[in-house]
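Engineer: Starting off with a structure, shown below.
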Amino acid sequence: MSRVHVSEAHRSIPLSRQVDLNLLELFETVYRTRNLTAAGSQLGLTQSAVSRALGRLREMYGDALFVRQQRGVAPTPFADALAAPVAAALDTLRSTLARASFDHAVEARTFRVAMSDVGERIFLPRLIDHVTRIAPKVVIEAVSPNEEQLQDALTSGQIDLAVGFFGSMSKQIHHRRLFSERFAYVARQGHPIVSGKLQREQLRSLLHVVGGSKAMQHASAVEKVLSSPRVKARVVLRVHSLLCVGPIVAGSDIVGLVPSNLAAVVASHMQLQIVEPPVQFPSFDVTMVWHDRFHRDPASEWLREVFVNLFEALKVRGGAGESAG
């Protein structure tokens, strides 16, 4: 069988000036049906339109391509050689128009998710329990970049998703709120002052631990309220991580403020009581963020849907004011 040869002259001419995809589709259909009328019917073309298009094809390739027979048409040897590459090219183009998919039940994929240490404690146990059951080949890798690194990593795709509290980001970053978070007091059970509830006046006599570096907006917001003239609470300890607050409180008469969902997670096994603050501390939204480049990526869409299903409108399991234990 003869082979189709592409000359250097043809390579130098823009493809759009040489090839009409409608003509290639006509060629494929005529080759398959061996009938001009049937081909026109399948493509919604009149007999005259098919004849004109076939004339353009013959001119384009410099070959008769199809010759009439008693019934229908027969391809020339050149058309036989052309059939496979034309079909492959059209199939490739059609595949680009098909919506990509992600089958979590069988596909392997590693997702890198940015979150704080508190986020890891709240999200990961429930997340990985769910993912290992429905997506056995999916791996979750938790990372903790700084704010500048996060923006670049989301843009490049090194990080698929970030979950937490974020400041301003570029217009290319999508946001979706999962839930609103608030601060709750934690104190050890049997505390000499704290017993299920607090009065504002009691805060001045309580020793406080504040979790989070001063660069964190959470820590700054908590300290601002505690040091205000209306409260004047005493802060005796500052720690870098909010995860340290629970163990410190459990082993002393110090009290601390942590996000309510973290309080619910740690209170039961540390024998802590969760108490509603008698003064108002700023609340904050926990959101998912991702880059616009991956907004329609099926795998990324699946991961975001998992987070929404598991954590949207997350509620504290042990209400403030209750002992957990």
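Engineer: Grab the eigenvalues of the alpha-carbon gyration tensor for the range 35-171, scale each by 5, take roots, and send me the semi-axes largest first in whole angstrom. Walk me through the intermediate numbers first.
Structural biologist: Working: eigenvalues 668, 66, 35 Å².
Those come to 58, 18, 13 Å.
Engineer: Against the empirical 2.2 N^0.38 Å scaling, what ratio does the C-alpha Rg of the range 185-325 come to? Could the numbers behind the result be given before it?
Structural biologist: Numbers: Rg = 17.3 Å, N = 141, 2.2 N^0.38 = 14.4 Å.
Here the answer is 1.20, to two decimals.
Engineer: Follow-up. Among 79, 218, 101, flag the residue with its Cα farthest along the positive direction of the charge dipole of the chain, charges on Cβ as +1 for Lys/Arg and -1 for Asp/Glu.
Structural biologist: Sorting the options by dipole projection puts first 218.
Engineer: What is the set of long-range amide H partners of residue 285 at a cut-off below 5 Å, with H atoms built 1.01 Å from backbone N?
Structural biologist: Under 5 Å from the amide H of residue 285: 181.
Engineer: Please work out whether the range 36-77 counts as rounded, prolate or oblate from its C-alpha gyration tensor, where a ≥ b ≥ c are the square roots of the eigenvalues and a/c under 1.5 means rounded, while otherwise a/b larger than b/c means prolate and anything else oblate? Spell out each step's value before the answer.
Structural biologist: On the way: a/c = 2.37, a/b = 1.21, b/c = 1.95.
Cα axes put the range 36-77 in the oblate bin.
Engineer: I'd like to know how the chain sits against the 2.2 N^0.38 Å rule of thumb: what's its Cα Rg over that expected value?
Structural biologist: 1.67
Engineer: Shifting gears a bit: If you take the beta carbon distance between residue 96 and residue 285 as r and set R0 to 41 Å, what does 1/(1 + (r/R0)^6) give as a FRET efficiency, to the nearest 0.05?
Structural biologist: 0.60
Engineer: Given 5 Å bins starting at zero, what is the percent of C-alpha pairs of the range 182-257 in each, up to the one with the largest pair distance?
Structural biologist: Histogram of Cα-Cα distances, whole percents per bin: 3, 17, 29, 27, 18, 6, 0.
Engineer: Give me, ordered by chain and number, the residues 5 or more places off residue 184 or on other chains with an amide H under 5 Å from its own placed amide H.
Structural biologist: Close amide H contacts, sequence-distant or interchain: 258, 260.
Engineer: Which value in deg cm²/dmol, rounded to the nearest 500, describes the helix-derived mean residue ellipticity at 222 nm for the chain, given -39,500 (n - 2.57) per DSSP H run of n ≥ 4 and division by the residue count? Let's see the in-between values first.
Structural biologist: Details: 12 runs with 134 residues, N = 325.
My calculation for the chain gives -12500 deg cm²/dmol from helical runs alone.
Engineer: Working from Cα positions, state the angle (0 to 90°, nearest 10) between the long axis of helix 217-226 and the longest principal axis of the chain.
Structural biologist: So the helix axis and the longest Cα principal axis differ by about 20 degrees.
Engineer: How high is the FRET efficiency between residue 43 and residue 141 when r is their beta carbon distance and R₀ equals 51 Å, given to the nearest 0.05?
Structural biologist: Values: r = 50 Å, r/R0 = 0.97.
The formula returns an efficiency of 0.55 here.
Engineer: How large, in percent, is the carbon and sulfur part of the accessible surface of the chain at a probe radius of 1.4 Å? Numbers along the way, then the final one.
Structural biologist: Working: 9130 of 17980 Å².
Accessible surface attributable to carbon and sulfur in the chain totals 51 percent.
Engineer: Would you mind working out the accessible area per residue for the range 101-247, using a 1.4 Å probe, and quoting it in Å²?
Structural biologist: Details: 7940 Å² over 147 residues.
Dividing the accessible area of the range 101-247 by its residue count gives 54 Å².
The values are calculated or read from the model by the stated rules, or taken from the named source; none is laboratory data. Please read all numbers here as calculations on a predicted model, not as lab measurements. So basically every Cβ, Gly included, is an ideal-geometry build from the backbone, and we count neighbours across all protein chains shown. Surface areas here come from the heavy atoms of the whole protein model, side chains and all, with no ligands, DNA or RNA. Shrake-Rupley method; radii C 1.70, N 1.55, O 1.52, S 1.80 Å.
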